[in-house]
1. Give a quick list of GluC sites (Glu not before Pro) in segment 22-121 that DSSP marks as loop, anything other than H, G, I, E or B, with at most 13 other Cβ atoms within 10 Å.
2. Once phi is turned into ³J(HN,Hα) by the Karplus curve 6.51 cos²θ - 1.76 cosθ + 1.60 with θ = phi - 60°, what whole-Hz value does each residue of segment 34-41 show in order, with x for glycine and proline?
3. When Lys and Arg each count +1 and Asp and Glu each count -1, what net charge do the other residues less than 14 Å away from Glu80, Cβ to Cβ, add up to?
4. Looking at this model, which pairs from Lys18/Lys43; Lys63/Lys117; Lys18/Lys120; Lys8/Lys120; Lys28/Lys87; Lys25/Lys87 are more than 19 angstrom apart at the alpha-carbon?
5. Going by Cα centres, segment 1-27 and segment 39-78 are how many Å apart?
Amino acid sequence: MSGIKSYKELFIWQKGIKLVVLVYKLTKSFPKEEIYALTSQLKRASISVPSNIAEGFGRQTDKSFNHFLNISRGSLNEIETQLIIAKELEFISDDNLFNEIMLLIEEESKMISAFAKNLKN
């Protein structure tokens, strides 16, 4: 990671922040009775993605960073699953935003995997 001074320079972190913003926008339209259930879970999982990237960067060892990248990737799977559930329950009315988030999850997962592979080498 030579030359990188801050986790904020990492494209995977920047995309993670974008994901949080989009998830928050999407969940605004969820039923109010879901505020402590699916809405809360989605928000926590989305926040986990860039947060774990930042924490892993701060650990300053590639092995530790890889561990936190794996947690971030797990959170992406969690978000994807929860969004599919929300879609099945008809909580999502904005198909464009849903599709944008699902595409972002796929891209972010691939980028994190590639980044982790580079750390190992």
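1. For GluC sites (Glu not before Pro) across segment 22-121 that sit outside H, G, I, E and B with at most 13 neighbouring Cβ atoms in 10 Å, the list reads Glu90.
2. Values, residue by residue: 8, 4, 9, 10, 4, 4, 5, 4 Hz.
3. -3
4. Working: Lys18/Lys43 13 Å; Lys63/Lys117 11 Å; Lys18/Lys120 26 Å; Lys8/Lys120 21 Å; Lys28/Lys87 14 Å; Lys25/Lys87 15 Å.
Lys18/Lys120; Lys8/Lys120, as the Cα separations exceed 19 Å there.
5. If you average the Cα positions of each part, the centres end up 11 Å apart.
Coordinate-derived values only; no laboratory data. Keep in mind that what you see is a predicted model, and the values were worked out from it rather than measured. Positions of Cβ are backbone-derived with ideal geometry, glycine not excepted, and every protein chain shown enters the neighbour counts.
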